[in-house]
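The values are calculated or read from the model by the stated rules, or taken from the named source; none is laboratory data. From a predicted model like this one, the values you see are computed outputs, not experimental measurements. Heads up, the Cβs are rebuilt from the backbone with ideal geometry, glycines too, and the neighbour counts pull from every protein chain shown. With ligands, DNA and RNA removed, areas are computed over all heavy atoms of the protein, side chains included. Shrake-Rupley method; radii C 1.70, N 1.55, O 1.52, S 1.80 Å.
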Amino acid sequence: MNQGINVVGLYVDDQDEALAFYVDKLGFRVHTDVRNGPYRWLTVQHPDQPSFQLGLFTPGPPIHDEATAQTLRAMVAKGAMPPLVLSVSDCRAGYARLKARGVEFTQEPIDRFGSVDAGFRDPAGNGWKMIQAPQSTT
Amino acid sequence: MRPREYQRAQPPAPSSAPASAGQLQDPALLRRLLRARDRMDAASHEAWPVERLAAVSGVSEAHFARSFKRAFGIPPHRYLLTRRIEQANTLLRDTALSITEIAFATGWGSLGTFGRTFHDITGRSPSAMRREAQANMLELDRVPACVLKAAQRPDLTSAVLEKRRRTAKGKFPPSTKEVS
């Protein structure tokens with residue numbers, strides 16, 4: 001058993017929509033999808049990263065009161081959540097593939113000192129950078 | 001992937017819309033406003049009149065300007081300025097482009113307007129900024145370049161003209177037009 005970070009979660013406004021996005025468009029896999037009444041624990045995984053789960057959680061009861069949930073939904077929708085980075089081997093190819101699947105890109109691939117990065121958002125508003133490391137360090 | 005550190009501490013912005021500050025905006029509207037902001041981010045060198053932005057968000061022009069400011073704390077035009085200055089800073093630091101080339105590449109119509117606005121916002125001339133930035137390039141290469149770029153955006157809590165009025169007595173033609 002390795003020690004380390006196992007689950008990190010995002011807030012999304014709609015778990016079904018998020019699931020469709022992360023699985024059908026980004027190519028992640030469902031790891032856990034369990035319900036307990038209105039609560040749904042939903043995590044997905046990058047196919048190359050079996051030890052890490054990305055949680056797709058909705059703000060709301062019983063975890064949050066309605067005012068807190070509204071604040072969280074607003075923060076996500078205005079893109080105020082922390083940056084997320086997806087490491088890719090070929091940013092331009094990934095961009096073309098995801099764009100064709102209808103992913104909402106916020107930035108086309110740009111070269112910066114040998115690394116290439118692009119930006120996209122999930123349907124809820126979480127912002128991702130897709131970064132291809134410089135050849136020399138990979 | 002290398003470890004990285006990321007810090008973007010900012011003082012709390014003064015609330016400029018107390019009348020409506022207590023009420024949260026509809027997340028669906030915020031998401032559409034974010035889309036307009038993203039479009040400005042992606043092409044800050046282009047002209048972004050309110051009607052163009054409002055069309056991206058699918059709301060009326062009056063509603064857009066008001067809602068944008070409420071959502072993001074500054075009017076859309078001023079947000080665009082921060083992005084242009086950010087982009088100019090990056091080009092000053094990372095390229096050998098001339099100041100004139102940078103002025104036009106980042107969306108200004110003239111070198112004079114660019115230089116004036118840049119100085120008003122950053123307190124330095126573009127060439128002074130270039131010297132400074134190039135002298136301070138240690139360590140920062142541990143932050144993803146795209147994230148670092150956004151973190152070096154100027155914090156434009158007051159209008160550029162307002163800022164200039166406070167520091168200068170002379171009369172200047174407006175270097176930029178505030179739309180909201």
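Annotation: the antiparallel percentage among DSSP beta bridges lying fully within the range A:7-132 is about 70. A Förster radius of 22 Å, combined with the Cβ-Cβ distance separating residue B:161 from residue B:101, puts the computed FRET efficiency at roughly 0.25. Put simply, the amide H of residue A:9, placed in the peptide plane, has neighbours under 5 Å in A:55, leaving out anything fewer than 5 places away on its chain.
What is the calculated FRET efficiency for residue B:61 to residue A:51, with r their C-beta to C-beta distance and R₀ = 41 Å, to the nearest 0.05? The value I calculate is 0.25.
Ranking of A:113, B:118 by solvent-accessible surface, largest first: A:113, B:118 (1.4 Å probe, protein heavy atoms only, all chains present). Indicate the gyration tensor shape class of the range A:1-43 (rounded, prolate or oblate), computed on the Cα atoms with a ≥ b ≥ c the square roots of the eigenvalues: a/c under 1.5 is rounded; otherwise a/b larger than b/c is prolate and the rest oblate. Cα axes put the range A:1-43 in the oblate bin.
For chain A, the per residue solvent-accessible surface stands at 54 Å², with DNA, RNA and ligands left out and a 1.4 Å probe. Rounded to the nearest Hz, the phi-derived 3J(HN,Hα) couplings of the range B:35-41 under the Karplus curve 6.51 cos²θ - 1.76 cosθ + 1.60 (θ = phi - 60°) are 4, 5, 5, 4, 5, 5, 4, where x marks glycine and proline. Per the 1.4 Å probe, what fraction of the accessible area of chain A, in percent, lies on carbon and sulfur atoms? Carbon and sulfur atoms account for 52 percent of the accessible area of chain A. How crowded by other chains is B:26-38, given as the mean number of beta carbons from other chains within 10 Å of each beta carbon? Average neighbour count from other chains, rounded to a whole number: 6. Take the accessible area of chain A alone and of chain B alone, subtract that of the pair, and you get about 1800 Å² summed over both chains, using a 1.4 Å probe.
Taking amide H positions as modeled 1.01 Å from N, with prolines and chain starts lacking one, no residue 5 or more places away or on another chain lies under 5 Å from residue A:14.
Of the cross-linked pairs A:25/B:69; A:99/B:149; A:99/B:69; A:25/B:149; A:25/A:129, those separated by over 22 Å at the C-alpha level are A:25/B:69; A:99/B:149; A:99/B:69; A:25/B:149.
Annotation: amide H-H contacts under 5 Å for residue A:128 (H modelled 1.01 Å from N, sequence separation of 5 or more, or interchain): A:120, A:121, A:122. For the range A:7-132, a Kirkwood hydrodynamic radius built from all Cα pairs, placed in the Stokes-Einstein relation at 10 °C and 1.306 mPa s, yields a translational diffusion coefficient of 104 µm²/s. Within the range B:38-105, report the GluC sites (Glu not before Pro) that DSSP leaves as loop and that have at most 11 other Cβ atoms within 10 Å. Of the GluC sites (Glu not before Pro), the ones in loops of the range B:38-105 whose Cβ has at most 11 other Cβ atoms within 10 Å are B:46. Does anyone have the angle between helix A:91-100 and the longest principal axis of chain A? Alpha-carbon axes, 0 to 90°, nearest 10? Computed tilt is about 50 degrees.
FRET efficiency for the residue B:46 to residue A:20 pair, using the beta carbon distance and R₀ = 22 Å, is estimated at 0.10. Between 0 and 90 degrees, the angle of helix A:66-77 with respect to the longest Cα principal axis of chain A falls at about 10 degrees. Which net charge results for the neighbourhood of residue B:132, defined as the other residues with beta-carbon distances under 12 angstrom from its beta-carbon, given Lys and Arg at +1 and Asp and Glu at -1? After counting each charged neighbour, the total is +4. Annotation: residue A:14 carries an accessible surface of approximately 60 Å², with a 1.4 Å probe and no ligand, DNA or RNA atoms counted.
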